[in-house]
Amino acid sequence: MTRTIHDLLPASGRAAVMGILNLTPDSFSDGGQLLAGGAFAPDRLLARARDMLEEGVDIFDVGGESTRPGASPVPVEEELARVVPAVRLLKRHFDRPVSVDTSEPAVIAAVAAEGADMINDVRALTRPGALAAAARAGLPVCVMHMRGTPLTMQDNPRYDNVVREVADYLDERVSACEAAGIRHDRIAIDPGFGFGKSLAHNLALFRHLGEFTARPLPVLIGVSRKGMVGDIVNRPVNERIVGSAALALLAAQRGARILRVHDVAATVDVLNVLEAV
Ligand code: 7PJ
């Protein structure tokens, strides 16, 4: 097992479409859809994953902890009970890499044992033991910038220079990963749209995406159906597909290599348009 992050990306050079499979009851745009009475529902997960596969997904991203603004922490036992069977099921049924959205060392170790292919951490492996767990797992990781915690992060976030501060933080986390033994070619970075950022902050980061994609590490972006899109197009969460796809297209054009999205078909369409022109 010597996979790098580059092994998870399409050989064509087009950006990878990462399809979101939320196993949480309370995610802002699709909470509860893959659960039955709060519990893990294998048939729903398989159906959703099969749809995504037909639409052209490159990577599945499974998450058992909601990190939407205002969300409360989930006990690790609950996260394990949601995520471990999901990874097992996806690995058994589909030939696509499975990323796991988690910050917990115990979850990192457990999903690695189930054959997960990537760890996607909105807390950038800052929890005690997380860096060591990821290094031991030998998996590619994505480290994301967040200011504050999901519970409070949207309470008036402030920066002197958001682009500089986010870039410095990501550089620090990449160094921490490497110091812990995670190879450079197993690390992706993410400015963390919507995580402790106002619309102005998100737009500044987006305008300067080139400063992140100029680094040698692949950049992942997640804007799908987020408040940022809602603020721009002035639409509720279930009417943000076009706005989200437009941002995904612009991100890909600016060099983003992984697009984390709910709407796989729309994202594949815009990437095909980009490739064609
Ligand atoms: C992101 C994420 C993101 C990465 C979530 C949501 C909230 N992981 N997990 N980047 N967002 N890497 O989907 O709206 O932006 S959860």
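List the helices (runs of 4 or more DSSP H) inside the stretch 163-277, counting only whole elements, that have at least 3 residues being under 19 Å from ARG14 (Cβ atoms).
Details: elements: 199-207, 209-213, 227-233, 241-253, 264-276.
Counting at least 3 such residues, we get 209-213, 241-253, 264-276.
Give the residue, chosen from ASN161, ASN156, that is among the polar types (S, T, N, Q), more than 13 Å from the ligand (Cβ to nearest atom) and in contact with a Ser or Thr (Cβ under 9 Å, 6 or more places away or on another chain).
ASN156
So in the stretch 36-57, with the set limited to residues that are free of Cβ contacts under 8 Å to residues at least 60 places away in the same chain and in a loop (DSSP other than H, G, I, E, B), which one is surrounded by the fewest Cβ atoms within 10 Å (Cβ to Cβ)?
Filtering first and then ranking leaves GLY37.
Answer yes or no as to whether LEU220 is touching a Cys at 6+ places or on another chain (Cβ under 6 Å) and either crowded, with 16+ Cβ neighbours inside 10 Å or of a type in the set (Lys, Arg) (or both). So that I can check it myself, show each step before the final result.
Numbers: touching a Cys at 6+ places or on another chain (Cβ under 6 Å): yes; either crowded, with 16+ Cβ neighbours inside 10 Å or of a type in the set (Lys, Arg) (or both): yes.
Answer is yes for this residue.
Is there a residue being buried (at least 17 other Cβ atoms within 10 Å of the Cβ), over 23 Å from ASP51 (Cβ atoms) and of a type outside the set (Ser, Thr, Tyr) anywhere in the stretch 256-272?
Yes, the stretch 256-272 contains a residue that is buried (at least 17 other Cβ atoms within 10 Å of the Cβ), over 23 Å from ASP51 (Cβ atoms) and of a type outside the set (Ser, Thr, Tyr).
Restricting to the stretch 207-231, name every residue that is of a type outside the set (A, V, I, L, M, F, W, C) and within 10 Å of the ligand (Cβ to nearest atom).
Across the stretch 207-231, the qualifying residues are GLY222, SER224, ARG225, LYS226, GLY227.
When SER72 is evaluated against the numbered criteria (1) in contact with a helix residue (DSSP H, G or I) (Cβ under 8 Å, 6 or more places away or on another chain); (2) of a type in the set (Ser, Thr, Tyr); (3) away from the ligand (no atom under 14 Å from the Cβ), which criterion, by number, is the only one it fails?
(1)
For GLU275, work out the one condition from (1) touching a Lys or Arg at 6+ places or on another chain (Cβ under 9 Å); (2) open to solvent by less than 10 Å² (accessible area, probe 1.4 Å); (3) closer than 23 Å to LEU53 by Cα it doesn't fulfil.
For GLU275, the failing item is (2).
The values are calculated or read from the model by the stated rules, or taken from the named source; none is laboratory data. These numbers were taken from a predicted model, which means no experiment stands behind them. Glycine gets a Cβ as well: all are built from the backbone with ideal geometry, and neighbour counts include every protein chain shown. Protein only, heavy atoms only, side chains kept; ligands, DNA and RNA dropped before computing areas. Shrake-Rupley method; radii C 1.70, N 1.55, O 1.52, S 1.80 Å.
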